[in-house]
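Here's the structure we're looking at; comments come further down.
The values are calculated or read from the model by the stated rules, or taken from the named source; none is laboratory data. What you see is a predicted model; the values in this text were computed from it and never measured. All Cβ positions, even for glycine, are placed from backbone atoms using ideal geometry, and neighbour counts span all protein chains on display. Ligands, DNA and RNA are excluded from the accessible area calculation, which covers all protein heavy atoms including side chains. Shrake-Rupley method; radii C 1.70, N 1.55, O 1.52, S 1.80 Å.
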Amino acid sequence: MRIVQVAAEFAPFAKAGGLGEVVLGISRELVAQHHQVDVILPKYSHIHPDSLQDLAVEIPEFQSREKGRLINNTAWSAQAQDCRLHLIEAHHEDNYFNRGQIYGYPDDITRFLYFTRAVMDYLAKVQWPIDVLHLHDWHAAACAPLLRDLFSSNLQIGSVLLTLHNLEYQGKCATWDLDTIGMNGTSYLTQNKMQDPDLQHPHTINLLKGGILYADAVNTVSPTYSKEILLQEMSCGLSELFKRTKVLGILNGIDETIWNPATDPDLAARYSPTDSLLKIREAKEANKAMIQERFGLQSTNRPLVGAITRLVPQKGIHLLEAAIEMTLKRGGAFTLLGSSPIPEIQQQFNELQEKYKDHPHVFLEYRYNETLAHQLYATLDFILVPSLFEPCGLTQLIGLRYGAMPIVRSTGGLKDTVFDCEDGRVPIEKRNGFVFHEPTIEALEDALDRALHFWHTDKASCLSMLRRTMQIESGWKKPTKEYLKVYTKSQSKKAKAPLQKLKSSA
Ligand code: ADP
């Protein structure tokens, strides 16, 4: 098959969180299974040309409509991570993609709407026959209505799949935002098109909803999340839509070449599940020593608990301060690597950092640092993921692979991947962490208590369980097979009944 991925992120060149890793993981595995994959991304100025192989201009100039005029673009192409990467450079006076960051700007809607329009203009230029156009999240969602309503006559695209990585971000905007890229905004302002379901704001357009309705198939990134979004309180306003739309749940994997403690170049000492328990323990200790020395932590025989996360409410960050206190009280050490796009939250965490500034067993670091993340995974004894909701979550999967036992709240993909060590209903060989249910300090305390008690009282069992969980299959082979099934099914369904989904939702 020829599959075209359209997204705002593609690791490692443009990564802000899990999305970039997932687009990379699926794409690479599809290539490994002999499919042809093209990934289309904005040409962000922070992508260093030297990081790309054979970077060259592909189309020197093509135009996209915006606000009634034509803007010039250049398409670049490179070989990256086994895939063909296409970068759309917009020669726009607002420097849409020359900003240093992927998101977080007041005009994000305009930037990514322009990107989707430019993607469609690019596809119309190259004229590839495409089996599946695979869109990711709201940033790419408008490609689906653009294709159906403006580009269907001059593109050959078998079917469109939209993957929902996080419903919290939906791309809500005004009708005139659609007008800017040549769509007639008001004509989409109905419930069976792109009008936001919240009728208290009847003039709002919802780009993600547009993607959901106009795509041929839709999936979330874990089975549990695909069910949770049917509940009003978990659906970010889209539950009614999901009751009428089939949404599949395909559990994310992790890229096992990037996340492999046996080969990871960032580690002080490497280790694998085939090593002896002693060797694994020594290697983890050596990694811990490197971190302790670098960050001035006292080196003692304490269990290290940590979180590596975006500091946003979704991630249960209201529990982190209590987690630090509880860990210290139970003889542990705590580390946090994270940063917040929300200034007030960042400020609160700066105050927390001040509070623990000279503490010998607490290390809080606020930046995005891939190398440090790798080193911490290899150092942690426990990775804490207390999310309020979690479409899939990658940090618990990476933690498992690096021998850091997850302590998680039971939600979304965390529920699908972490099974409590003391849960008698789960077969022993599946148990791999500690789980709590309510997003409260009391519930977290119970899980942390049990986890640290296990570490303090039975180190040998703890280590052998870690070695077992390091071997759990979490790569992209299985999820990619499921994606291929969806690709094939959506194509044949579309061939039989074009426009069926839109009509049934009308
Ligand atoms: P989300 O995509 O919602 O942020 P995920 O758990 O799906 O959460 O993916 C998070 C990814 O981002 C993981 O690979 C994690 O290691 C990485 N990450 C998060 N914060 C940082 C940070 N400050 N520095 C480096 N990597 C980070």
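Numbers below:
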item	result
Selection count, the range 278-296, where residues are in contact (Cβ under 8 Å) with a residue 24 or more places away in the chain and within 16 Å of the ligand (Cβ to nearest atom)	3
Residues of the range 28-54 that turn out to be within 16 Å of the ligand (Cβ to nearest atom) and assigned to a helix (DSSP H, G or I), as a count	1
Of the criteria (1) over 30 Å from residue 415 (Cβ atoms); (2) more than 24 Å from the chain's Cα centre (by Cα), which one residue 145 fails	(2)
Those residues of the range 55-93 which are farther than 24 Å from residue 11 by Cα and assigned to a strand (DSSP E or B), in sequence order	60, 61, 62, 63, 64, 65, 66, 69, 70, 71, 72
Near pairs, Cβ below 7 angstrom, 6+ apart or cross-chain, from the range 252-267 (closer than 14 Å to residue 403 by Cα) to any residue that is among the polar types (S, T, N, Q) and open to solvent by 10 Å² or more (accessible area, probe 1.4 Å)	261/272; 262/272; 267/375
Hey, residue 299 away from the ligand (no atom under 15 Å from the Cβ), free of Cβ contacts under 8 Å to residues at least 12 places away in the same chain and either among the aromatic types (Phe, Trp, Tyr) or surrounded by fewer than 24 Cβ atoms within 10 Å (Cβ to Cβ) (or both) or not	yes
Near pairs, Cβ below 9 angstrom, 6+ apart or cross-chain, from the range 365-388 (part of a loop (DSSP other than H, G, I, E, B)) to any residue that is near the ligand (Cβ under 8 Å from one of its atoms) and among the aliphatic types (A, V, I, L, M)	366/337; 367/337; 368/16; 368/337; 369/337; 380/308
Yes/no for residue 319 being within 15 Å of the ligand (Cβ to nearest atom) and open to solvent by less than 10 Å² (accessible area, probe 1.4 Å)	no
Within the range 1-16, tally of residues that are crowded, with 19+ Cβ neighbours inside 10 Å and within 14 Å of the ligand (Cβ to nearest atom)	6
Filtered residues of the range 248-278 (kept if open to solvent by 30 Å² or more (accessible area, probe 1.4 Å), under 18 Å from the mean Cα position of the chain (by Cα) and modelled with pLDDT of 95 or more)	248, 251
Matching residues in the range 347-388 - criterion: being within 10 Å of the ligand (Cβ to nearest atom) and open to solvent by less than 30 Å² (accessible area, probe 1.4 Å)	372, 373, 374, 376, 377, 383, 385, 387
Helices (runs of 4 or more DSSP H) contained entirely in the range 149-243, each with at least 1 residues that are among the small types (Gly, Ala, Ser) and under 26 Å from the mean Cα position of the chain (by Cα)	207-214, 223-228
